[in-house]
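Notes for the one structure printed next.
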Amino acid sequence: MRSRFVYKTWDATHFQVAFYSGPYGHNHQLANVLAVACYASAFLAYAAALTRLPLSVVNPIVTSGTTVMVAIIGFTLFREPMRATTCIGIATVIFGVLLITRN
């Protein structure tokens, strides 16, 4: 049985929300709520950082930080291969951000 998206409508806001339905038919509503909470907290942290630092510093740090974190999470949680080229790329990204954001 394949995974699919189930669309439900919230009548109060007339907004369709896609709840992921797993291979066994159960909905992952908790995962959806956690994902929205993570996005909201990331937005608040980004907005707080922008009140203290200029955009030219915050944006490279955030974008490179997410790239590095995705590579690390993929390696640790999902057992994706971490090749030497990946490590060199991560180091290059970090070094580039340090060069861009230094005063």
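The values are calculated or read from the model by the stated rules, or taken from the named source; none is laboratory data. Every value quoted in this text rests on a predicted model; they were computed, and no experiment measured them. Methodologically, a virtual Cβ is constructed for each residue, glycine included, from the backbone with ideal geometry; neighbour enumeration extends over all protein chains shown.
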- Query: Looking at the range 64-85, which of its residues are closer than 22 Å to Ile100 by Cα, without any contact (Cβ under 8 Å) to a residue 12 or more places away in the chain and small (Gly, Ala, Ser)?
  - Reply: Gly65
- Condition test on Ala48, is it under 30 Å from Met82 (Cα atoms) and either part of a helix (DSSP H, G or I) or modelled with pLDDT of 80 or more (or both)? no
- Query: Taking the condition more than 29 Å from Cys87 (Cα to Cα) and either modelled with pLDDT under 90 or loosely packed, with under 12 Cβ neighbours inside 10 Å (or both), does Val36 pass?
  - Reply: yes
- Taking the range 60-103 on its own, how many of its residues are exposed (fewer than 10 other Cβ atoms within 10 Å of the Cβ) and in a helix (DSSP H, G or I)? 3
- Message: Can you say whether Val68 is in contact with a Phe, Trp or Tyr (Cβ under 9 Å, 6 or more places away or on another chain) and within 30 Å of Ile88 (Cβ to Cβ), as far as the supplied structure shows?
- Response: no
